[in-house]
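Notes follow the structure.
The values are calculated or read from the model by the stated rules, or taken from the named source; none is laboratory data. Every value quoted in this text rests on a predicted model; they were computed, and no experiment measured them. Glycine gets a Cβ as well: all are built from the backbone with ideal geometry, and neighbour counts include every protein chain shown. Accessible surface areas use protein heavy atoms only, side chains included; no ligands, DNA or RNA. Shrake-Rupley method; radii C 1.70, N 1.55, O 1.52, S 1.80 Å.
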Amino acid sequence: MSPVAVVTGAARGIGAATVDRLVADGFAVVAVDACADLSGLDYPLATPADLSELARWHGDSVVPLVGDVRDRSAMDAAVAAALERFGGLDAAVAVAGVIAGGTPLWEMGDEQWSVLFDVNVLGVRNLVSAAVPALLSRPEPRAGRLVAVSSAAGLVGLRRLAAYSASKHAVIGLMKALAADLAGTGVTANAVCPGSTRTPLLDFSARLYGLDSAEQFASEQLVERLLEPAEPAALIAWLCTEAASAITGAALPADGGLTTS
């Protein structure tokens, strides 16, 4: 029987790449995305067509589900879909995230602050809260996995992105404490911190800094290039496997050396 995962933010970018990798590794996946733009953000999010195309590509291995991570009932529905369609849940991966900023913290509006924490932090909590009971319902010895995508910004402070950095630091703290709460259960919890990755979100980040192209971020990483979404996705997917059984409570960079110094 295939292992089963729920992945949020699945319609494009690192989320879609994570679904691709998990399916390649033999997982069945419930792929969740809000597929709608959000007030307070100045860039477009994924669309229903993006999610449908992902599901079409993977056939019966992927169930698409439109759902907003800010809504606990939507995360409950995603877990229920995993149980009903695939017979269980082995991993929950919180990739959904948004960015806002471009000004000093004291000039940021309340709406932008709220959407960052509602998606980036509350969204992780909602998925975790829905998933943990299903993971713990597996017979012992368990091997459940919880992975949340933070950011290199969760390891350092970035100019003009104070609120975003704060929300991503919060994801790391949440997953470290969650790992402690899960001690002895066989279920692990970890955060992954991508660097500058070739995604629509990075394109918007370039605009925040007044850059002509996201390619200008490449020089900040020791690999001297942007990462492809498949690269952090490979780490995320590995953390969902038995091979990662010794890793819990960690914040692992997949950032091309961005946070080395």
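Only helical DSSP H runs with n ≥ 4 go in: add -39500 (n - 2.57) per run for the chain, normalise by residue count and round the 222 nm mean residue ellipticity to 500 deg cm²/dmol.
So the helix-based figure for the chain works out to -12000 deg cm²/dmol.
Compute the orientation-averaged projected area for region 195-261 from the convex hull of its Cα atoms and round it to one decimal in nm².
For region 195-261, averaging the hull's shadow over all directions gives 5.3 nm².
Specify the residue with the greatest mean-square fluctuation among ALA180, ALA218, ALA237, computed from a Gaussian network of the chain linking alpha-carbon atoms under 10 Å apart.
Evaluated over the chain, the most mobile residue of the options is ALA180.
If one takes the longest principal axis of the Cα atoms in the chain, at what angle in degrees, from 0 to 90 and to the nearest 10, does the Cα axis of helix 162-181 lie?
Orientation of helix 162-181: about 20 degrees from the principal axis.
Be a star and scan region 75-114 for residues whose amide nitrogen sits under 13 Å from the point 7 Å along the Cα-to-Cβ vector of ARG142.
89-92
What FRET efficiency would be calculated for the residue pair GLU220, ALA183, taking the C-beta separation as r and a Förster radius of 30 Å, to the nearest 0.05? Working shown, then result.
Working: r = 37 Å, r/R0 = 1.22.
About 0.25, to the nearest 0.05.
Out of all Cα-Cα pairs in region 31-152, roughly what percent, to the nearest whole number, are more than 23 Å apart?
36
Could you tell me the calculated FRET efficiency between SER52 and TRP106, based on Cβ-Cβ distance and R0 = 35 angstrom, to the nearest 0.05?
Once the sixth-power term is evaluated, E becomes 0.25.
Rounded to the nearest 10 Å², what accessible area does PHE27 show when all protein chains are kept and the probe is 1.4 Å?
Around 10 Å² of this residue is reachable by solvent.
With all protein chains present and a 1.4 Å probe, how do GLU242, GLU140 order by accessible area, largest first?
Sorted descending by solvent-accessible area, the residues read GLU140, GLU242.
Give me the one-decimal nm value for the distance between modelled label points at ILE247 and SER129, 7 Å along each residue's Cα-to-Cβ direction.
My value for the distance between the label points is 2.8 nm.
Rounded to the nearest 10 degrees, what's the angle between the helix 72-86 long axis and the longest principal axis of the chain, both from Cα atoms, 0 to 90?
Once rounded, one gets 40 degrees.
Place a +1 charge on the Cβ of each Lys and Arg in the chain and a -1 charge on the Cβ of each Asp and Glu, then give the dipole magnitude about the Cα centre in debye, rounded to the nearest 20.
Here the chain has a charge dipole of around 500 debye.
With a 1.4 Å probe and every protein chain left in place, work out the accessible area per residue of region 121-261 in Å², rounded to a whole number.
So region 121-261 comes to 42 Å² accessible per residue, rounded to a whole number.
Let me check against my output: what whole-number percent is the relative contact order of the chain, with C-alpha pairs under 8 Å and at least 6 apart?
Values: 544 pairs, mean separation 49.6, N = 261.
The value is 19 percent.
What value does region 103-261 have for Rg/Rh, both radii from Cα atoms and Rh as Kirkwood defines it? All intermediate terms of the calculation are to be shown ahead of the outcome.
On the way: Rg = 16.6 Å, Rh = 16.6 Å.
Radius of gyration over Kirkwood radius for region 103-261 works out to 1.00.
Using 0.36 nm per residue, how much length does the chain from THR260 to SER2 gain when fully extended, once their Cα-Cα distance is taken away?
Contour length minus Cα-Cα distance gives 89.2 nm.
Take the alpha-carbon positions of region 99-195, form their convex hull, and give its projected area averaged over all directions (one quarter of the hull surface) in nm².
The number I arrive at for region 99-195 is 6.3 nm².
Which whole-number percent gives the relative contact order of region 1-130, counting Cα pairs below 8 Å spaced six or more residues apart? Please report the intermediate quantities before stating the final value.
Values: 229 pairs, mean separation 38.7, N = 130.
Reported relative contact order: 30 percent.
Assuming R0 = 41 Å, what is the FRET efficiency of ARG207 and ASP60, from their Cβ-Cβ distance, to the nearest 0.05?
0.60
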